[in-house]
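The values are calculated or read from the model by the stated rules, or taken from the named source; none is laboratory data. Keep in mind the model is a prediction, meaning the values are calculated, not measured. Cβ placement follows ideal geometry from the backbone for every residue including glycine, while neighbour counts extend to all protein chains displayed.
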Amino acid sequence: TDIAFLNREIKSRKQAFGIDIYDLMERLETEDSLTVADKESQIRASFDAARKDIAVIQAKKECKSEEVTVLEAETDAANASQAIPPSSGTVVTNQHPSEM
């Protein structure tokens, strides 16, 4: 569930970026005092901020995935060790007692 939450958070951040960049570009379109380079710089800054935020969330998601993998491995190991009954100290053979 944590991974699903992080996926939603990434999607939400991308959607917010789209809204932010649209508003920024709409404003920059009417702004005559800025050079093209200045406008591009503002757009790039908005993109870089969104990319950084998404990278942080992605890193959290990868950590959660690793935690899940470790927990699954530990569970599998615990289940495997419980599948073999403990030794009773008795040696079981296919030989008849008189043949020993």
Candidate set from the stretch 1-21 (those that are of a type in the set (Val, Ile, Thr) and either exposed (fewer than 13 other Cβ atoms within 10 Å of the Cβ) or touching a His at 6+ places or on another chain (Cβ under 8 Å) (or both)); member that is modelled with the highest pLDDT = Ile19
Kindly indicate whether Ile10 is in contact (Cβ under 8 Å) with a residue 40 or more places away in the chain and touching a helix residue (DSSP H, G or I) at 6+ places or on another chain (Cβ under 9 Å).
-> yes
Which one of the conditions (1) at pLDDT below 90; (2) not in a helix (DSSP H, G or I) does Ser33 fail to meet, given that it meets all the rest?
-> (1)
On the given criteria, is Ile10 assigned to a helix (DSSP H, G or I), over 28 Å from Lys64 (Cα atoms) and under 25 Å from the mean Cα position of the chain (by Cα)?
-> no
Residue within the stretch 22-44 that is surrounded by 11 or more Cβ atoms within 10 Å (Cβ to Cβ) and in contact (Cβ under 8 Å) with a residue 40 or more places away in the chain present | no
